[in-house]
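For reference, the structure discussed in these notes is given below.
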Amino acid sequence: MSSVATVLTRSRKSQTGMSLLRPSVLLAFGALLVSVSWALAPGLFTSYDPIANVGPSLQAPSAEHLFGTDSTGRDVLSRVIHGARETLTGALMAVAVGFLVGTAMGVLSGSSHRSVDEVLMRIVDVLLAIPSLLLSLSVIILLGYGTVNVAIAVGITSIAAFARLARSQVVQVSRSDFVEAAYGSGGSFGTVLWRHILPNSLTPVLALAALQFGSAILQISTLGFLGYGAPPPTPEWGLMIAESRDFVATAWWLTTLPGLVLVITVLATNRLSYAIQARRNA
Amino acid sequence: MSLRREFVLSQYRPVSAVMAYVPLPLGRCGRTAIAPCLPANIVDAGRIVIWGTPSQRKGCRPASQSFDEPVLVILLNIITQAANAHVQTAVSMPVLHITSQSFRVETVNQYVHPMSPSHLRPGHPRRDSSHHFRLGATALAASLALAACGGGDVGAEGDPETGGTLTYLEHQPYDTLYPPAAGFYPNGAVINNIADRLLWQDPETLELHPWIATELPEVNEDATEFTFTIREGVTYSDGTELTAENVVKNFDLYGRGDSERTLSVSEAINNYDHGEVIDENTVRFHFDEPAPGFAQATSTINSGLLSDETLDHTQEDFGPGNATTIIGSGPFVVAEEELGTEYTLEAREDYDWAPEEHHHQGPALIDAVNVIVTPEDSVRIGSLVSGQADVARQIEAQDEEQLEESEAEIEAYGTKSVNNGFNFRIGHPILEDLETRQAIIHAVDREAVLESLFTDSYPLATSPLASDALGYSDQSEHYEYDPDRAIELLEEAGWEEGPDGIRERDGERLHLTVNEAHPQPRSAELVTVVAQQLREVGIELELLSGDRAQQNEEAQDPELVQIFHSMVGRADYDVIKSQYHSENRNVLLNGYEDEVTDPELESLLEDIASLPDEADRVVASEQAQEYLAENAYVLPFFEEPQVYGVQPHVLGFETESVARPSFYAVSLDD
Amino acid sequence: MWSYVLRRLGQALLVLFVAFTATFFLLHYLPGDSVIARYGSPQLGLSSAEVAEIRASIGADQPVWTQFWLALTGFLTGDLGFSTQTGASVSSMLAAALPATAALTLTSFLLAVVLAFTIAFTSTFSPFAWLRRVTRALPPLFISIPVFWLAIVLIQVFSFQLGLVPVIGASDLQALILPSLAISVPIAAPLAQILVSSIDEVRSQPFVSVVRAKGASNNWLLWRNVLGNALLPALTIAGLLFGELIAGAVVTETIFGRSGIGRMTEQAVANRDMPVLQAIVVLSAATFVLINLIVDLLYPVLDPRLRKKVRA
């Protein structure tokens, strides 16, 4: 989702008038709160074991199993609740990798000598030039399967977007009058960077991180679809949708309900991302 | 006769579908004739299809295009009676659906598996049960003729419909067309239809019949010399003649391989020395040691005959993308190929050398077959259900219900071979001791596994071999579900419960890894369910993750994979050797790094493949099965079928002996 | 101006070279090798000595630097090598697969542009407030749906349930409809957002009320200002979206059983078919670099301010 970086830098002015207290933002907060509490304490929300057979297989949603049961008789709701931890930590790690490495590269690039800038930006170009899916597949095969490695693989593909956005922000802020003033009043490079440039550059980067969070969930699920996701029986949302796609015509709840939870969560993070962006511009 | 007839239903699982031919007497109604025999296709627990197809077996006259209900009723009764009288099981009664050339009977609760009544009465295998149908059928012959006449317009229109293109959906692209290495099922759709063989194995009776050889081979006493007479006038699709020299060239390659071109020896051919051209039409094959399985081996797709030029191909030339250069003498040729997604088989108009025993002769009835690779299960099934395709292979168990509700029929064909199951790596420190292996077996509730994941097309395994395989012997006593016994055995073996419920011994966790058998149905889900069951007794079972390339590599290392999930298909006694012998597939890794863990098993398996007398081979095969079961080397789950979805307008779809598709007798009824 | 063009060209070539090198070594050190993937299956019954021989025959036993040098010189002279999986020449495989994928990705992109415009216009100029609100919510929804899931649902609904478009035996044009729709949805989202924000931006400018007061129509406003404003970011995105088009092609070609680069990529990864993967990376990197080069060179043409800066 490198493209979203550009959207963010360009669409700042359009989002005026939004506030963190709008109902849609509150709803988004609520949705995220629910999935985060699922991730923190799944036991509070369901008593079913997510990886054990708890009833007949392929039962449609009922009072007993709100989301029905899957092809091996596991409770789908329980898998969604327990899966929140896998999914959210996976996406969080992916974003962390992209955010930390990408932002570091971008800040360094934007605030250093031109030769450093040139080298770093060419690395970013290379990262963008290699198809991201191929890159993450290769990284997974190289590192081995598992939630952490999949997250790293997805994170690597977002480094370029973070680096570009961070660099453009730093360059922009560096040129502004108050930074000149800070240098003029005797600030060293380090203190100016830390005190003035970074705080003023990071809001769009944070907004990108929120957007990237949703996109990471999707990317992880696509990898699951291609057979390179977390190993079963891990209850991971993307993998659940990917695994049960063969039942689209016969057991709609298997893909639709976890899919709905995933879409709502991604939507919520996207909504928050815009809200962060809007607040900054307001 | 009443439509409502209840019969005693068997308490055993019904099994996969097989064609049962119900011979009827020739009855005349005006100018038309009723076919002397009609095939009944027993599809699954829900339905029976009786085909009034054009020109069935040899000697059959074309059947009528449409049938009246009375005829149908009688046909059904013949089947039920036959079943009731001779196999002690029966169908309960039907609602009729008649389409133009076939009738479908729905809501039949149970059905008979004519090939393997042993399922119905464990411990009493009967091999040739199609015979029983014949007996039952003749008993009612007269009334059928009467009813048919009373029906009035029951009549045949003459020749079957010809022409048209069949759309066939395959699950994966083929990987090689070098016949000895072409066991992978997607390869079968090509080779089985473009290459002829010396002999033809009847898929129902498993008997061998002449094909390109005009007679069954003459075999010397110790089965080290096989002499075949080659049919005259057979040509390859490039126009060259199929000669005795060419046949020898084929088997010299398949029997000895060519390491320079990295072309392997066929696993169906043992102890091959050389071939010899005796005269223009006679060839003799010589063997170092007895090779009793050779006659059958010549009938498998692994011995598909190819032209001289094709035999000079390298390993790469046989690979994907080169299908149009593979020249056989079969009823079809590969006309076009789009790498990895699609290819077209075109019928040869001059084809005139089908096996004499086959019910169809002359060129194939359809013009072409369009084979399309659709890896997504939901797309393959959906295309079939919505009528965009005619036949699809690999209908997964979970999709059968969806097909049942549609027009298309489910046809499951047994592979009559080594069952789908877990093979324990007997050299691994954890699986070395018998108690642990037995404990694993007793801790698995196979019926529950099948219940939750599979359908009636997947019969419960009762031995390492399928019950309709040659040499089968029932070993079900070794595979009983008994979790208490499992726990006892584990304690005996020294496995104590650890803090998280998983057992430990001397600090070692009872942790085992099993591969995902990518070509096998629902392998990952099966492992998931079995892992749930094993956790109950304190065994941790992990599914090896990784794609095909990685699994292929890691499965050969007992440190990474301790249990190997697989099956193998070939309708001969030798198949059990193919799976377990250290020089073949070696699924037990008996003989990893030149150290044979169990030489006794090796010699038992070698006996099967080298004893010249058939009766001795049966005994050897039974011994090997018993040995594998007693020593808890394998845990078989089910008799793996090939499940096809077939549209009702597709007539005459058949498979060879281990369920690879044959398009030769297919016709399309518009 | 020319020095700028030359500098950009040099950068592009450098990026290509580094992408080639990085991919070569990344692929080289992946576990599981192509020879085993192709020949290791037990049913082929090859001994380990025979497998080693095959490895030698395709040069897979040579030191990595030699292999790298051979691959690099091969690519420079237009020899892309042979696929380890099929034995076919990689260039012929690419030539066979490219047209289908090019058609798919181009259609998807065009469809995405159409979708984006529809969304942007409806969400700004629709007379119904509810419609404006709904269409504004679409882009975030669009990027929240997994493509593979969307593709499967589209097939189920439009092909299998409604029977509108066949998946099997479809004509070339029919076969493009559903897969390009599936790919275009997530790509339309960022484009629509850019358009929406450009429209908002233009409308909030003081001059707008002036021209409106003078009687200008909405159309006039849009063509003159919105498009001019949106074109640059849209072009940038078009360059960046290329990776997503490829990913979309991998997924949809697998689901729809289409042949093409995406399907080839998926199979090549599964079989560790290095020569094919290497060629695919170089091909897509080259396309990516080229698109971005064109976009960069177009910038000054489209934006006079940048033109001046470049000249300076």
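With the range B:374-490 as the region, which strands (runs of 3 or more DSSP E) entirely inside it contain at least 2 residues that are within 14 Å of chain C (Cβ to nearest Cβ)?
Once the strands (runs of 3 or more DSSP E) in the range B:374-490 are filtered for at least 2 residues that are within 14 Å of chain C (Cβ to nearest Cβ), what remains is B:391-393, B:418-424.
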_What are the pairs with Cβ atoms under 6 angstrom where one residue, in the range B:194-213, is without any contact (Cβ under 8 Å) to a residue 24 or more places away in the chain and assigned to a loop (DSSP other than H, G, I, E, B) and the other, located anywhere, is surrounded by fewer than 23 Cβ atoms within 10 Å (Cβ to Cβ) and of a type in the set (Lys, Arg)? Sequence gap at least six, or different chains._
none
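Is it the case, given these coordinates, that residue A:222 is in contact with a helix residue (DSSP H, G or I) (Cβ under 9 Å, 6 or more places away or on another chain) and either facing chain B (nearest Cβ under 9 Å) or at pLDDT below 80 (or both)?
It is false that residue A:222 is in contact with a helix residue (DSSP H, G or I) (Cβ under 9 Å, 6 or more places away or on another chain) and either facing chain B (nearest Cβ under 9 Å) or at pLDDT below 80 (or both).
Table: residues versus (1) touching a residue at least 12 places away in the same chain (Cβ under 8 Å); (2) more than 7 Å from every other protein chain (Cβ to nearest Cβ); (3) closer than 28 Å to residue A:245 by Cα; (4) surrounded by 24 or more Cβ atoms within 10 Å (Cβ to Cβ).
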residue: C:248; (1), (2), (3), (4): yes, yes, yes, yes
residue: C:251; (1), (2), (3), (4): yes, no, yes, yes
residue: C:259; (1), (2), (3), (4): yes, no, yes, no
residue: C:265; (1), (2), (3), (4): yes, no, yes, yes
residue: C:275; (1), (2), (3), (4): yes, yes, no, no
residue: C:284; (1), (2), (3), (4): yes, no, no, no
*Taking only the range A:122-168 into account, find how many residues are more than 8 Å from every other protein chain (Cβ to nearest Cβ), farther than 16 Å from residue A:219 by Cα and surrounded by 22 or more Cβ atoms within 10 Å (Cβ to Cβ).*
8
*Which residue out of A:264, A:241 is within 14 Å of chain B (Cβ to nearest Cβ), part of a helix (DSSP H, G or I), farther than 16 Å from residue A:75 by Cβ and not small (Gly, Ala, Ser)?*
A:241
*Residues of the range B:443-466 classified as modelled with pLDDT of 90 or more and of a type in the set (Ser, Thr, Tyr), total*: 3
*Would you be able to tell me the number of residues in the range C:123-151 that are of a type in the set (D, E, K, R) and within 11 Å of chain A (Cβ to nearest Cβ)?*
2
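Within the range B:612-642, can you find the residues that are in a helix (DSSP H, G or I) and either aliphatic (A, V, I, L, M) or over 24 Å from residue B:270 (Cβ atoms) (or both)?
B:615, B:618, B:619, B:620, B:624, B:628, B:629, B:630
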*asked:* For the range B:239-291: of the residues being within 14 Å of chain C (Cβ to nearest Cβ) and of a type in the set (Asp, Glu), which is farthest from residue B:316 (Cα to Cα)?
replied: B:267
*Filter the range C:104-138 for residues that are among the hydroxyl-bearing types (Ser, Thr, Tyr) and closer than 25 Å to residue C:248 by Cβ and give the result.*
C:105, C:107, C:108, C:118, C:122, C:123, C:135
*Hey, residue C:174 among the polar types (S, T, N, Q) and within 11 Å of chain A (Cβ to nearest Cβ) or not*: no
*Tell me, which residue of the range B:636-667 that is in contact with a helix residue (DSSP H, G or I) (Cβ under 9 Å, 6 or more places away or on another chain), at pLDDT 90 or above and of a type in the set (Gly, Ala, Ser) is nearest to residue B:569 (Cα to Cα)?*
B:662
*Filter the range B:340-355 down to the residues that are within 14 Å of chain C (Cβ to nearest Cβ) and in a strand (DSSP E or B), then identify the one that is farthest from residue C:263 (Cα to Cα).*
B:344
*Scan the range C:157-185 for residues that are hydroxyl-bearing (Ser, Thr, Tyr) and either in contact (Cβ under 8 Å) with a residue 60 or more places away in the chain or closer than 24 Å to residue C:246 by Cβ (or both) and jot them down.*
C:180, C:184
*Among the candidates B:324, B:298, B:310, B:282, which residue alone is farther than 28 Å from residue B:185 by Cβ and of a type in the set (S, T, N, Q)?*
B:282
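Condition check ((1) of a type in the set (D, E, K, R); (2) under 30 Å from residue C:155 (Cα atoms)) across all residues:
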residue: B:386; (1), (2): no, yes
residue: B:397; (1), (2): no, yes
residue: B:400; (1), (2): yes, yes
residue: B:403; (1), (2): no, yes
residue: B:408; (1), (2): no, yes
residue: B:424; (1), (2): no, no
residue: B:434; (1), (2): no, no
residue: B:437; (1), (2): yes, no
residue: B:446; (1), (2): yes, no
*Looking only at residues in the range B:585-611 that are in contact (Cβ under 8 Å) with a residue 24 or more places away in the chain and closer than 30 Å to residue C:30 by Cβ, which one is nearest to the other protein chains (Cβ to nearest Cβ)?*
B:585
*asked:* If I filter the range A:182-202 for residues that are crowded, with 24+ Cβ neighbours inside 10 Å and within 14 Å of another protein chain (Cβ to nearest Cβ), do I get at least one hit?
replied: no
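Here's the yes/no breakdown for (1) within 14 Å of chain C (Cβ to nearest Cβ); (2) under 21 Å from residue B:441 (Cβ atoms); (3) of a type in the set (Val, Ile, Thr):
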residue	(1), (2), (3)
B:526	no, yes, no
B:539	no, yes, yes
B:542	no, yes, no
B:549	yes, no, no
B:553	yes, no, no
B:559	no, no, no
*Scan the range B:614-630 and give yes if some residue there is buried (at least 24 other Cβ atoms within 10 Å of the Cβ) and within 30 Å of residue B:194 (Cβ to Cβ), otherwise no.*
no
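The values are calculated or read from the model by the stated rules, or taken from the named source; none is laboratory data. Note that the coordinates shown come from a computational prediction; the quantities given were computed from them, not determined experimentally. Glycine gets a Cβ as well: all are built from the backbone with ideal geometry, and neighbour counts include every protein chain shown.
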